[in-house]
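This report refers to the structure that appears directly beneath it.
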Amino acid sequence: MNTPFIRNHQYNLIKKQTNQVLHALRTVSDQRVLETVRFRAAQSMIEAFPVLAHEQEQLLEQVSTLETANDFEKYLSDLVPYLEPYPPISPKQIQKLFPKHKKLKVPDLGLIDFRFVTYLSWIDIATNRLFLVYPFAGQFIGIEGRITPTNKKGYCLLCNRHQELAFFSVITKKGMASPDHYAAIGHYICMENHVCNKSLTNTEALEKFILSTRK
């Protein structure tokens, strides 16, 4: 039985590295250069995991033996059973994260393939508010804020992909001495969160942003 150990963002990184190796195989004739590309790809993939069992490391290192596009496609397909899905969450749990919104419209969770989700988010079009739910340290964190399209392209804070952006602004309390003092924390993120989830290869910026709204 396959034990899941690959999170969505790690799988995205694996896909990125395999694409780089495949591109090198198609464009580079120097075998020494190819071996370097293969080695760096395998190392980058392994370094994306804090801890790996020997068998898991061997599984990832198979990228060094692939030759054809079909090989790479099968390799990625064979890794899918090892994906660790987004933790189970119910509409009631989501509602508790946003108690101020009694009539919160939650997305249809049954339509989501949680194997390919790093963060859950959706936009309430009526209020131009974005709701984001992220599992962190054994619990769910929910943040919300105003989402404003920019009609401009740039790099998303979360996935670092060059795409059409929106400005996500979250209001947060600042300072224990003045409980009525509020401040806004905002960043530019992708307009399409499902595409962002497919591109995100590192959770550092996402977690830093979420945690900054809770201080």
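Quick notes on this structure:
- Cross-link partners of K153 among aspartates and glutamates, defined as those whose alpha carbon lies under 20 angstrom from its own and excluding same-chain residues fewer than eight positions apart: E164, E192.
- Viscosity 1.002 mPa s, temperature 20 °C, Stokes-Einstein D of the range 89-215 from Kirkwood C-alpha radius, µm²/s: 140
- As a fraction of the 1.4 Å probe accessible area of the chain, surface on carbon and sulfur atoms comes out at 53 percent.
- Cα shape, the range 13-55, gyration tensor, a/c 1.5 rule: prolate
- For the range 75-136: rounded, prolate or oblate by the Cα gyration tensor [a/c cutoff 1.5]: prolate
- Here the Debye sum runs over all C-alpha atoms of the range 34-77 as equal scatterers in vacuum, and log10 of I(q)/I(0) at q = 0.22 Å⁻¹ comes out as -0.77.
- Average accessible surface area per residue within the chain, 1.4 Å rolling probe, Å²: 61
- Restraint check, K16/K74; K92/K152; K74/K198, Cα-Cα greater than 25 Å: K92/K152
- Span from the the range 57-80 Cα centroid across to the the range 96-132 one, whole angstrom: 34
- For q = 0.12, 0.13, 0.15, 0.22 Å⁻¹, Debye-computed log10 I/I(0) when each Cα of the range 1-103 counts as one equal scatterer: -0.49, -0.55, -0.66, -1.14
- Which labelled figure in [x] 1.03; [y] 1.21; [z] 0.95 is Rg/Rh (Cα atoms, Kirkwood Rh), once derived from the coordinates: [x]
- Heavy atoms of C190: accessible area, 1.4 Å probe, square angstrom to 10: 10
- Aspartates and glutamates with Cα under 13 Å of K100, excluding same-chain neighbours fewer than 8 positions away: E144
- Debye log10 I(q)/I(0) for the range 45-103, one point scatterer per Cα, at q = 0.19, 0.20, 0.27 Å⁻¹: -0.77, -0.82, -1.18
- 3J(HN,Hα) along the range 28-43: 10, 9, 6, 5, 5, 5, 4, 5, 5, 5, 4, 5, 5, 5, 4, 5 Hz, from the Karplus curve 6.51 cos²θ - 1.76 cosθ + 1.60 with θ = phi - 60°, whole Hz, x for Gly and Pro.
- Extension gain, V195 to R214: 0.36 nm times the residue separation minus the Cα-Cα distance gives 4.2 nm.
The values are calculated or read from the model by the stated rules, or taken from the named source; none is laboratory data. For clarity, every value in this text was computed on a predicted model and none was experimentally measured. What goes into the accessible areas is simple: the full protein's heavy atoms, side chains included, and nothing from ligands, DNA or RNA. Shrake-Rupley method; radii C 1.70, N 1.55, O 1.52, S 1.80 Å.
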